[in-house]
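Trainee: Supplied in structure tokens, the structure appears directly below.
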Amino acid sequence: MDFKASTTGLLLLMVAFAGCGGSAEETAGQSTPASSESTTKLEPSPDENVAGLEQMCAEAQPAMEARQATATLFQRVGGRDGLQAVVADTVRRYVENEQIKHLMEGVDTEHLAAQVTDFLVVGTGGEGEYHGRDMTTAHANMNLTNADFLAAGSDLGAAMDSARWGEDEKQELLCAFVALREQVVTR
Ligand code: HEM
């Protein structure tokens, strides 16, 4: 796949994404003894979650590449229609997501979903063209954080679950998303 991505266990990925959004705030509210020896840290920070995801994706890369050499991700998720359904559901979830919904104000969600679908068709091995902006330019003014990124990734995971994608396919698209993080997260 063009995205240069990969992972380890999808379960771990989903656990990491599920822990996103507001975890730092929640932890900050707890009383923390000066010696944290006996303190159980319940939630990793967004930065820690991202680091874990990147490591898992790197470890899984060979297996993912082997699968993609046999059949493209595009083929395995039902082509453009399969991608389009998951993208549309993901964008719907963004609009409802407390962490990132402010970024969706005034956005033409149908146009956005169409652009993202074209982008993913090309990136997953399908026939097509992407005419939108590059990822750095498209997200440059959003001031996205790792917490925003994880919230968006969680929505993508939920949409793929809802569409009943296979574990391999969920892993591959999530890792494609992770591989693009540095282009969209600017603070
Ligand atoms: C690796 C992760 C991401 C990918 C692959 C991605 C993909 C895209 C693509 C293809 C576009 C269309 C660009 C264009 O129309 O020229 C776009 C725009 C947009 N993305 Fe992302 N995105 C990612 C992360 C995020 C995150 C975390 C958010 C947070 C909500 C976000 C929100 C938006 C919004 C609001 C737009 C519309 C910008 C505009 O039209 O002014 N994206 N994204």
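Trainee: Within the range 65-148, considering only helices (runs of 4 or more DSSP H) that don't extend past its boundaries, which have at least 3 residues that are at positive phi?
Mentor: Values: elements: 73-76, 79-96, 109-123, 135-139.
Fully inside the range 65-148 and qualifying: nothing.
Trainee: Collect the residues in the range 56-80 that are under 15 Å from residue 117 (Cα atoms) and among the hydrophobic types (A, V, I, L, M, F, W, C), keeping them in residue-number order. Walk me through how you get there before you give the answer.
Mentor: Step one: of the range 56-80, the residues under 15 Å from residue 117 (Cα atoms) are 73-75, 77-80.
Result: 73, 74, 77.
Trainee: While we're looking at this one, here's another question. Go through the range 73-97 and report how many residues are more than 12 Å from the ligand (Cβ to nearest atom) and among the hydroxyl-bearing types (Ser, Thr, Tyr).
Mentor: 0
Trainee: Identify the single condition in (1) closer than 28 Å to residue 69 by Cα; (2) touching a strand residue (DSSP E or B) at 6+ places or on another chain (Cβ under 8 Å); (3) buried (at least 18 other Cβ atoms within 10 Å of the Cβ) that residue 156 does not satisfy, given that it satisfies every other one.
Mentor: (2)
Trainee: What are the residue pairs meeting all of these: first residue in the range 84-110, first residue over 12 Å from residue 160 (Cα atoms), second residue more than 8 Å from the ligand (Cβ to nearest atom) and not in a helix (DSSP H, G or I), Cβ atoms under 6 Å, and 6 or more apart or on different chains?
Mentor: Hits for this filter: 99/21.
Trainee: Name the residue that is farthest from the ligand (Cβ to nearest atom), counting only residues in the range 98-135 that are among the hydroxyl-bearing types (Ser, Thr, Tyr) and surrounded by 15 or more Cβ atoms within 10 Å (Cβ to Cβ).
Mentor: Quick first cut of the range 98-135, residues among the hydroxyl-bearing types (Ser, Thr, Tyr) only: 109, 117, 124, 130.
From the residues that got through so far, the ones that are surrounded by 15 or more Cβ atoms within 10 Å (Cβ to Cβ) too are 117, 124, 130.
Values: 117: 9, 124: 12, 130: 7 Å.
Across the range 98-135, the extreme among qualifying residues is 124.
Quick note: the coordinates plus some simple rules give every number you see, no bench work behind them. Being a predicted model, the structure only gives us computed values, none of them experimental. All Cβ positions, glycine included, derive from the backbone under ideal geometry; neighbour counts span all protein chains shown.
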